[in-house]
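Only one structure is covered here, and it is reproduced in the block below.
Derivation of every value follows stated rules applied to the coordinates shown; laboratory data play no part. Since the structure is predicted, the reported quantities are computational estimates derived from the model, not experimental observations. Heads up, the Cβs are rebuilt from the backbone with ideal geometry, glycines too, and the neighbour counts pull from every protein chain shown.
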Amino acid sequence: MRIAALEYERLDLELAEPYQIAYETVSESHNIILKVITDQGLTGFGCAAPDLEITGESPEDVLTQIRGPIRNLLVGGAAFRHSYYHGELRKTPEVGPSARAMVDIALFDLLARKAGLPLYQLLGGYRSRILTSITIGIRPLEETLDQAGQFLKSGFKVL
């Protein structure tokens, strides 16, 4: 089975409630969805969430990486050479960490779909629920306490 094509979409999603952190106010999320399509019609999906401050990449950088080195490496190649592709992308300086993660997820998703399993099970997951976190932005003390209280009232558990 070979990788026949890549498709992608940029999603700029406005947050319902912006929040402030130390270096910026976050009001939207930029995500790139990658679709890896095989010659047998199997499809795997991955997502990049680039951030210049965190990953050193912009959404435009990830799109350029998909159109160039990522496409050049993957299209026409064997579908299940995950380790090889990962190693090659790590050696390619213009491909950043969120773009590599996006490809990593898409290739694992492809493998999970071939195996007929949800990806979390393929990777050994067994829980029906997992712990997560909530970001409360920088606010005055009373607003912070109020927002934390709202999360607790909604059923969010603190460990």
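Brief remarks follow.
- Shape class of the range 57-138 from the alpha-carbon gyration tensor: oblate, with a/c at 1.5 or above and b/c at least as large as a/b.
- Counting only lysines at least 8 places from Lys35 when in the same chain, those with an alpha carbon closer than 28 Å to its own are Lys91, Lys114.
- Here Arg129 and His82 are evaluated by their C-beta separation; at R0 = 25 Å the FRET efficiency comes out at 0.35.
- Cα centroid of the range 37-67 to Cα centroid of the range 102-126, whole Å: 17 Å
- Between helix 97-115 and the chain: long-axis angle, C-alpha atoms, 0 to 90°, nearest 10: 70 degrees
- Sum of -39500 (n - 2.57) over DSSP H runs of 4+, divided by residues of the chain (222 nm, nearest 500): -10000 deg cm²/dmol
- For the chain, size of Cβ-based charge dipole, Lys and Arg +1, Asp and Glu -1, in debye: 1060 debye
- When the charge dipole of the range 57-148 is built from unit charges on Cβ atoms (+1 for Lys and Arg, -1 for Asp and Glu) and taken about the Cα centre, the candidate among Ala99, Gly77, Ile134 whose Cα reaches farthest toward its positive end is Gly77.
- For the range 1-52: rounded, prolate or oblate by the Cα gyration tensor [a/c cutoff 1.5]: prolate
- In degrees, nearest ten, helix 141-153 long axis to first principal axis of the chain (Cα): 70 degrees
- In Å, descending, principal axis extents of the Cα set of the range 3-122: 44, 31, 21
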